[in-house]
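A short write-up of the structure that comes next.
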Amino acid sequence: MTTHNIGELNPPNRLMLTPGPSSMDPRVYRALATPLVGHVDPWFRGCMDDVQVLLRKIFQTENRVTMPLSASGSGGIEASVVNTLEEGDEALIAVNGTFSDRMAIIAGHTPAKVTKVEAPYGQAVDPEDVRRAGKGRKIKIVGFAHGETSSGVITNIDNFRKVAD
Ligand SMILES: Cc1ncc(COP(=O)(O)O)c(C=O)c1O
């Protein structure tokens with residue numbers, strides 16, 4: 001196959017309404033057209049510091065360990081679960097759709113004991129069910145999908161935070 005008649009990449013400008021990739025602000029497209037800098041370059045370290053400051057603002061946290069991951073969403077789930085759970089740990093995963101179930105499956109590949117607390121499709125898991133499931137046990141992580149995009153259900157983080165505490 002020859003390549004001589006394949007032109008410059010020129011994708012159409014679509015309004016993206018899918019839950020995953022969605023329309024980007026033109027400022028993001030402009031940033032993508034700026035020069036590439038290696039990840040060990042001193043300039044990049046300063047840039048990463050700025051990214052962390054901005055991420056903390058978006059996620060309303062002061063956690064020092066706030067960083068972007070060069071991975072898909074599933075890679076993000078895997079990084080957080082697999083780096084946290086060890087032999088002897090227990091995890092409670094609130095499952096109410098495809099992506100929280102994926103978290104439970106990934107956690108199931110670790111040596112930790114994983115308990116699913118489920119809700120029917122289209123509903124959030126009741127934090128009181130999570131409290132009951134964890135009562136008297138030492139739980140290392142309580143996992144859930146904040147935005148379970150397979151059904152569009154939001155889980156209220158505050159209520160889960162209280163149960164975890
Ligand atoms: C809430 C949520 N978690 C995880 C994923 C999986 O992401 P990826 O397909 O990038 O692995 C998605 C994808 O749409 C998602 O919406």
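The values are calculated or read from the model by the stated rules, or taken from the named source; none is laboratory data. Quick caveat: nothing in here was measured; it's all calculated off a predicted structure. Cβ coordinates were reconstructed from backbone atoms using ideal geometry, including for glycine residues, and neighbour counts include every protein chain displayed. All accessible areas refer to the heavy atoms of the entire protein, side chains included, with ligands and DNA or RNA removed. Shrake-Rupley method; radii C 1.70, N 1.55, O 1.52, S 1.80 Å.
For the reader, a short list of remarks on this structure follows.
- Segment Ala164-Asp41, length gained on full extension (0.36 nm per residue, minus Cα span): 40.3 nm
- When the Cα gyration tensor is reduced to axis lengths a ≥ b ≥ c, the ratio a/c is 1.5 or higher for region 33-75, and with a/b not above b/c it is classed as oblate.
- Theoretical gain in end-to-end length, Glu8 to Ile58 [0.36 nm per residue, Cα-Cα removed]: 14.5 nm
- Charge dipole magnitude, Cβ of K and R +1, D and E -1 - region 22-162, Cα centre, debye nearest 20: 280 debye
- Sparse-neighbourhood loop sites, trypsin sites (Lys or Arg not before Pro) in region 7-59 - DSSP loop, at most 16 other Cβ within 10 angstrom: Arg14
- The packing ranking, built from the mean of other Cβ atoms within 10 Å per residue, places the peptides 66-75, 93-102 in the order 93-102, 66-75, highest first.
- Over the chain, accessible surface divided per residue gives 76 Å², non-protein components excluded, 1.4 Å probe.
- Subtracting the Cα-Cα distance of Glu87 and Asn156 from 0.36 nm times their residue separation leaves 21.9 nm of extension gain.
- Selection from Gly88, Gln123, Ile105 lying farthest towards where the dipole of region 48-165 points positive, charges on Cβ: Gly88
- Computed label-point distance, nm, for sites Leu69 and Asp126 using a 7 Å Cα→Cβ extension: 3.1 nm
- Val95 long-range amide H proximity, modeled H, under 5 Å: Val117, Glu118, Ala119
- Label-to-label distance, Met16 versus Thr115, with points set 7 angstrom from Cα along the beta-carbon direction: 3.9 nm.
- Of all accessible heavy-atom area on the chain, the percent that carbon and sulfur account for (1.4 Å): 56 percent
- In Hz, Karplus ³J(HN,Hα) per residue of region 72-79 (6.51, -1.76, 1.60; θ = phi - 60°; x = Gly, Pro): 6, x, 5, x, x, 4, 4, 4
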